[in-house]
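Read through the structure below, which is laid out as structure tokens, and then see the notes.
The values are calculated or read from the model by the stated rules, or taken from the named source; none is laboratory data. Not measured: the values here are computed from a predicted model. Here the Cβ positions follow ideal geometry from the backbone for every residue, glycine too, while neighbour counts run over all protein chains shown. To get the accessible areas, we keep the full protein, side chains included, count just its heavy atoms, and leave off ligands, DNA and RNA. Shrake-Rupley method; radii C 1.70, N 1.55, O 1.52, S 1.80 Å.
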Amino acid sequence: MKFDSRLLIAGLVLIGGIAIAGEATDPDAKARQDLMDANGGAMKILGGMASGEVAFDAAAAAAAAKTLTDNAAGIETAFKTKGAGDPKSAAKDEIWTDWDNFLKAAAALGTAAAALDTSSADGIKAGLGAVGGACKQCHTTYKAAS
Ligand code: HEC
């Protein structure tokens with residue numbers, strides 16, 4: 001299948017960007033939002049390199065991919081405590097009523113990020129769709145639209 005990868009990348013960067021509804025003040029909500037903001041930053045770097053907007057830099061690409069795998073592994077701890085119900089949190093109750101499936105969505109991100117070939121811009125381009133898909137899949141089910 002042929003498609004315009006620049007469009008795909010633009011979409012992926014959007015996933016990272018649009019979601020920020022406002023910073024929560026509740027410490028539990030803020031901790032998970034900070035983790036997610038770092039995901040957005042990593043996707044921006046990788047998306048920029050995949051599209052050619054940012055010069056390819058192997059060390060920066062590997063660091064961004066590591067941020068994603070580390071954060072995927074950290075989702076369980078970051079989301080464990082629901083907190084005080086901060087109105088600026090977009091976390092849906094389904095996270096805690098459907099915890100095992102939520103963790104599966106986190107693991108899917110870890111798998112996609114670990115599989116990312118960061119040795120070239122083409123490698124990033126080839127695998128970034130799967131990573132963005134893992135972000136989107138979880139957001140669709142567990143994150144309120146903002
Ligand atoms: C396992 C589920 C899950 C995965 C995977 C996931 N997210 Fe999230 N994300 C959430 C939830 C839930 C929220 C809402 C958190 C809140 O507001 O309390 C969120 C919020 C965000 C936010 C907004 C943070 C803020 O400051 O309000 C950004 C940006 C974000 N995610 C980016 C990403 C990116 C990029 C990826 C993939 C690399 C990703 N997320 C993967 C569940 C997930």
Can you name the residue in region 70-100 that is more than 8 Å from the ligand (Cβ to nearest atom) and either among the charged types (D, E, K, R) or within 16 Å of Gly133 (Cβ to Cβ) (or both) and, of all such residues, is least open to solvent (accessible area, probe 1.4 Å)? Asp98
Would you check if there is a residue in region 109-131 being of a type in the set (Gly, Ala, Ser), exposed (fewer than 15 other Cβ atoms within 10 Å of the Cβ), under 16 Å from Asp28 (Cα atoms) and more than 11 Å from the ligand (Cβ to nearest atom)? no
Inside region 47-66, the number of residues satisfying the requirement of being closer than 29 Å to Asp100 by Cα and buried (at least 19 other Cβ atoms within 10 Å of the Cβ) is 2
